[in-house]
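Trainee: Before I ask anything, let me first share the structure, which is written out below as structure tokens.
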Number of protein chains: 2
Amino acid sequence: MMSRNDVEKILNSLRFRYEQGTVIAVVQDIDTKDVLMVGHMNREALEKTLSTGLLHLWSISRKKLWLKGERSGNYQRVVKILVDCDGDALVIFVKPMGPACHTGNRSCFYRELRELVNTNSVNVSSREQPQ
Amino acid sequence: MMSRNDVEKILNSLRFRYEQGTVIAVVQDIDTKDVLMVGHMNREALEKTLSTGLLHLWSISRKKLWLKGERSGNYQRVVKILVDCDGDALVIFVKPMGPACHTGNRSCFYRELRELVNTNSVNVSSREQPQ
């Protein structure tokens, strides 16, 4: 558990330079190293993630804070966080408590790009809305 | 090698919804599965990546197409690409021909977030500019 002061220092060292004051958050399974999903975090989402140990994101499309798994129960427990060289992206290592993807797949990245040649749409219907 | 027609279908299936008409590109080492860097791709960057087999990105800050390694020689050879459920993010698996990070580190994610407690800045000086 980090002190309030340490959390402040971290927040002030990052560059929340993307839309709506965010950094990019890449969520990676600590065991398999599969990338499970990609989202954004504003200061509040990172603060909540650090204080609860559960992945929180900022939804760009819904413009709101989002506890991952709040509807589905598929929370993502945060184990470790890495930061990139220029402080605008994070890799969040998690122990998933269920599928990360609203489709029921373990990862949102369950298709090869070339499969899009034979399909006309991407799946945006939802049990839990993607951002 | 993909046909022009197949590339068009893929480009039209994606949602280039982020800044300057981009998707997010997570670059992952095919062997270690380490995340090496995160960037953005517009249609042109993805098209060039598919046609050359070398990672191209769109630099948001410099507003230009960027062949990764064009200055440093550290090209990233693309092996496989995954797409996420809602078509706005890609995982690009690469065989690195050198460090992905302009700092000389193999990955841009070479620090734990908690290390920022004891440092005041992020490293944005460059041999090859970060985006």
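Trainee: All but one of (1) at pLDDT 95 or above; (2) open to solvent by 40 Å² or more (accessible area, probe 1.4 Å) hold for A:D88; state the number of the condition that does not hold.
Mentor: (2)
Conditions tested, residue by residue: (1) assigned to a strand (DSSP E or B); (2) within 14 Å of another protein chain (Cβ to nearest Cβ).
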residue: A:W58; (1), (2): yes, yes
residue: A:L65; (1), (2): yes, no
residue: A:E70; (1), (2): no, no
residue: A:G73; (1), (2): no, no
residue: A:R77; (1), (2): yes, no
residue: A:K80; (1), (2): yes, yes
residue: A:G87; (1), (2): no, yes
residue: A:V91; (1), (2): yes, yes
residue: A:P99; (1), (2): no, yes
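Trainee: What are the residues in the range B:75-118 that are among the acidic types (D, E), in contact with a Lys or Arg (Cβ under 8 Å, 6 or more places away or on another chain) and within 19 Å of A:F93 (Cβ to Cβ), if any?
Mentor: Step one: list which residues in the range B:75-118 are among the acidic types (D, E), which gives B:84, B:86, B:88, B:112, B:115.
Restricting the remaining residues to those that are in contact with a Lys or Arg (Cβ under 8 Å, 6 or more places away or on another chain) gives B:86, B:88, B:112.
Of everything in the range B:75-118, just one residue is among the acidic types (D, E), in contact with a Lys or Arg (Cβ under 8 Å, 6 or more places away or on another chain) and within 19 Å of A:F93 (Cβ to Cβ), namely B:E112.
Trainee: Still on this model: For the range A:18-38, what are the residues that are at the interface with another protein chain (Cβ under 9 Å from one of its Cβ atoms) and either assigned to a loop (DSSP other than H, G, I, E, B) or charged (D, E, K, R) (or both)? Can you show your working first?
Mentor: So in the range A:18-38, the residues at the interface with another protein chain (Cβ under 9 Å from one of its Cβ atoms) come out as A:18-19, A:24, A:26, A:28, A:32-35, A:37-38.
Correct list: A:E19, A:T32, A:K33, A:D34.
Trainee: Moving on to the next point. Please verify whether the range A:39-49 includes one or more residues that are open to solvent by 40 Å² or more (accessible area, probe 1.4 Å), away from chain B (no Cβ under 14 Å) and in a loop (DSSP other than H, G, I, E, B).
Mentor: There is no residue in the range A:39-49 that is open to solvent by 40 Å² or more (accessible area, probe 1.4 Å), away from chain B (no Cβ under 14 Å) and in a loop (DSSP other than H, G, I, E, B).
Trainee: B:L67: touching a helix residue (DSSP H, G or I) at 6+ places or on another chain (Cβ under 8 Å) and closer than 30 Å to A:R62 by Cα, yes or no? It would help to see each step written out before you state the result.
Mentor: Numbers: touching a helix residue (DSSP H, G or I) at 6+ places or on another chain (Cβ under 8 Å): yes; closer than 30 Å to A:R62 by Cα: no.
For B:L67, the condition - touching a helix residue (DSSP H, G or I) at 6+ places or on another chain (Cβ under 8 Å) and closer than 30 Å to A:R62 by Cα - is not met.
Trainee: Just one of (1) touching a strand residue (DSSP E or B) at 6+ places or on another chain (Cβ under 8 Å); (2) open to solvent by 10 Å² or more (accessible area, probe 1.4 Å) trips up B:V26, so point out which.
Mentor: (2)
Trainee: Would you mind stating whether A:R111 is open to solvent by 50 Å² or more (accessible area, probe 1.4 Å) and of a type in the set (K, R)?
Mentor: Values: open to solvent by 50 Å² or more (accessible area, probe 1.4 Å): no; of a type in the set (K, R): yes.
Judged against the criteria, A:R111 is not a match.
Trainee: Return the residue satisfying two criteria in turn: it lies in the range A:50-67 and is touching a residue at least 24 places away in the same chain (Cβ under 8 Å) and open to solvent by 20 Å² or more (accessible area, probe 1.4 Å), and of such residues it is nearest to the chain's Cα centre (by Cα). Don't jump to the end; show me each part of the working.
Mentor: Keep residues of the range A:50-67 that are touching a residue at least 24 places away in the same chain (Cβ under 8 Å), which gives A:50-51, A:53-55, A:57-63, A:66.
If we keep only those that are open to solvent by 20 Å² or more (accessible area, probe 1.4 Å) too, we end up with A:50-51, A:53-54, A:58, A:61-63.
On the way: A:L50: 13, A:S51: 15, A:G53: 13, A:L54: 10, A:W58: 8, A:S61: 14, A:R62: 15, A:K63: 15 Å.
Result: A:W58.
Trainee: As an exercise: evaluate A:L67 against (1) within 26 Å of B:G21 (Cβ to Cβ); (2) in contact with a His (Cβ under 8 Å, 6 or more places away or on another chain) and give the number of the one condition it does not meet.
Mentor: Every condition holds for A:L67 apart from (1).
Trainee: Which condition does B:S125 not pass, out of (1) small (G, A, S); (2) surrounded by 18 or more Cβ atoms within 10 Å (Cβ to Cβ); (3) at pLDDT below 95, if it passes all the others?
Mentor: So the condition that B:S125 fails would be (2).
Trainee: Considering each of A:L116, A:L46 in turn, give the residue that is free of Cβ contacts under 8 Å to residues at least 60 places away in the same chain, of a type in the set (A, V, I, L, M, F, W, C) and more than 17 Å from B:D84 (Cβ to Cβ). Give the steps one after another, and end with the answer.
Mentor: Working: A:L116 fails: more than 17 Å from B:D84 (Cβ to Cβ).
After ruling out the rest, the residue left standing is A:L46.
Trainee: If the requirement is being touching a residue at least 12 places away in the same chain (Cβ under 8 Å), under 15 Å from A:V38 (Cβ atoms), surrounded by 23 or more Cβ atoms within 10 Å (Cβ to Cβ) and in contact with a Leu (Cβ under 7 Å, 6 or more places away or on another chain), which of these qualifies: B:V35, B:V83?
Mentor: Criteria check complete, one pass: B:V83.
The values are calculated or read from the model by the stated rules, or taken from the named source; none is laboratory data. These figures come from a predicted structure and were not determined experimentally. Positions of Cβ are generated from backbone atoms using ideal geometry, with glycine treated the same way; all protein chains shown enter the neighbour counts. The protein model used for the area step is the full one, side chains on, heavy atoms only, and it has no ligands, DNA or RNA in it. Shrake-Rupley method; radii C 1.70, N 1.55, O 1.52, S 1.80 Å.
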